[in-house]
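Take a look at the structure below.
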Amino acid sequence: MEKCNGVVVASAIFNDHDKIRQPKGLGSETLRTVCFFMFIDDATHRVLASHNILAGERGEAGTVGAWRVARLVAGAGGDHRLPYENPAMNGVIVKYLLHRLFPNARFSVWVDAKMQLTVDPLLLVHSFVAGKGADMAVSKHPFNLHTMEEAIATARWRKWGDVDAIRAQMETYCRNGLQPWSPIKLPYPSDVPDTAIIIRRHGLASDLFSCLLFNELEAFNPRDQLAFAYVRDQMSPKVIMNMFDVEVFEHIAVEYRHNLKRGNGGAGGKQGITRMASSGDIAGSSCERYLLKMWGETTK
């Protein structure tokens, strides 16, 4: 990993949540000059080994197409536990600490395992970051503009099970200055990204943003879209961020479904009815002013 001194493309699969998908549209020299790393845990390795995609239980690494597969194995004393019990949080380590895992890389492209790249990563780095003078690039969310809209959707659709914790997180951010998106935040065109693909120039600004965001995810939950604008807006000097349109995102990658799990009571299980909030529900909340601004009920 320390030998990757140019561009690294990274992804991760934990708890057999996705399939390994091969990137398309690679140039003739890309495989020779770009590092492709896929991080997996024991649960994923067992499934891949059972299908003869990887070596048996003793194999800790291998190659599947373009990807070099790195198996995360036991810690000291034979402890097979990863740093976090939640597989999504273990994925966050790779997603936001790539500059520490690959200390000599100049650029990185994070790809969620549900995504399949269809454009050469060297072209992505040049088009979205290097050619724009940006520290990082990420797509705008296709629907949500404000952080609170994403928080409401996360609670409504049970993307994170502890709804009270989401409310506490948003209350904390509102008390510490989080504001809804408005033109005053330009050139940032949105407060909500789609972080399935993140293109970064490794340097002071993007490294600091990634570390600060990781701290928020560890403190609250791995739903990175909820902490994104809070961290970004608090930074000084500002991180130079290219937030491109979702139509562009759809031309550089294809999205697939996660692996289906039997008896999954999480996001795929039956959901209760979640009542939508109104302006009458928020009196006394630290997010009252935020929500009134978002709903256009005040100009103060």
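To the nearest 10 degrees, how steeply does helix 224-234 sit against the main Cα axis of the chain, on a 0 to 90 scale? Tilt relative to the chain: about 70 degrees.
Cross-link pairs exceeding 19 Å between alpha carbons, from the set Lys114/Lys159; Lys132/Lys238; Lys19/Lys114; Lys95/Lys132: Lys95/Lys132.
Taking Tyr230, Tyr290 and ordering them by how much accessible surface each has at a 1.4 Å probe, largest first, produces Tyr230, Tyr290. Here the contact order of the chain, divided by its residue count and restricted to Cα pairs under 8 Å and six or more residues apart, works out to 23 percent. Only helical runs count toward this figure. For the chain, summing -39,500 (n - 2.57) over DSSP H runs of n ≥ 4 and dividing by all residues gives -9000 deg cm²/dmol at 222 nm.
Surface composition of the chain: carbon and sulfur make up 52 percent of the accessible area, probe 1.4 Å.
Springs join every pair of Cα atoms under 10 Å in this Gaussian network model of the chain, and among His51, His99, His202 the largest mean-square fluctuation is at His51. Round to the nearest 10 and give me the degree value, 0 to 90, for the angle of helix 87-96's Cα axis relative to the longest principal axis of the chain. The two axes meet at around 90 degrees. Can you tell me the orientation of helix 204-219 relative to the chain, as the angle in degrees between its alpha-carbon axis and the longest Cα principal axis, to the nearest 10? Between the helix axis and the principal axis of the chain, the angle is about 80 degrees.
Averaged per residue, what accessible surface does the chain expose to a 1.4 Å probe, in Å²?
Numbers: 15460 Å² over 300 residues.
Normalised by residue count, the accessible surface of the chain is 52 Å².
Per-residue surface analysis assigns Lys24 an accessible area of about 110 Å², computed on protein heavy atoms at 1.4 Å probe radius.
If I stretch the segment between Arg156 and Thr172 completely, what's the gain in nm (0.36 nm per residue apart, minus their alpha carbon distance), one decimal? Working shown, then result.
Numbers: separation 16, 0.36 × 16 = 5.76 nm, distance 1.97 nm.
Contour length minus the Cα-Cα distance gives 3.8 nm.
Within the listed set Glu247, Glu150, Glu216, the Gaussian network model of the chain (springs between alpha-carbon atoms below 10 Å) gives the highest mean-square fluctuation for Glu247.
Rank by packing, highest mean first: peptides 154-163, 3-12, 26-35, with packing defined as the count of other Cβ atoms within 10 Å averaged across residues.
Values: 154-163: 15.9, 3-12: 20.4, 26-35: 13.9.
The packing order, highest mean first, is 3-12, 154-163, 26-35.
Shown here: the chain, whose C-alpha atoms stretch 60, 47, 36 Å along the first, second and third principal axes, sorted largest to smallest.
The values are calculated or read from the model by the stated rules, or taken from the named source; none is laboratory data. A quick note: this is a predicted structure, and the numbers were derived from the prediction, not measured. Every residue, glycine as well, gets a Cβ built from its backbone with ideal geometry; the counts of neighbours run over all protein chains shown. Accessible surface is based on the protein model in full, side chains and every heavy atom, while ligands, DNA and RNA are left aside. Shrake-Rupley method; radii C 1.70, N 1.55, O 1.52, S 1.80 Å.
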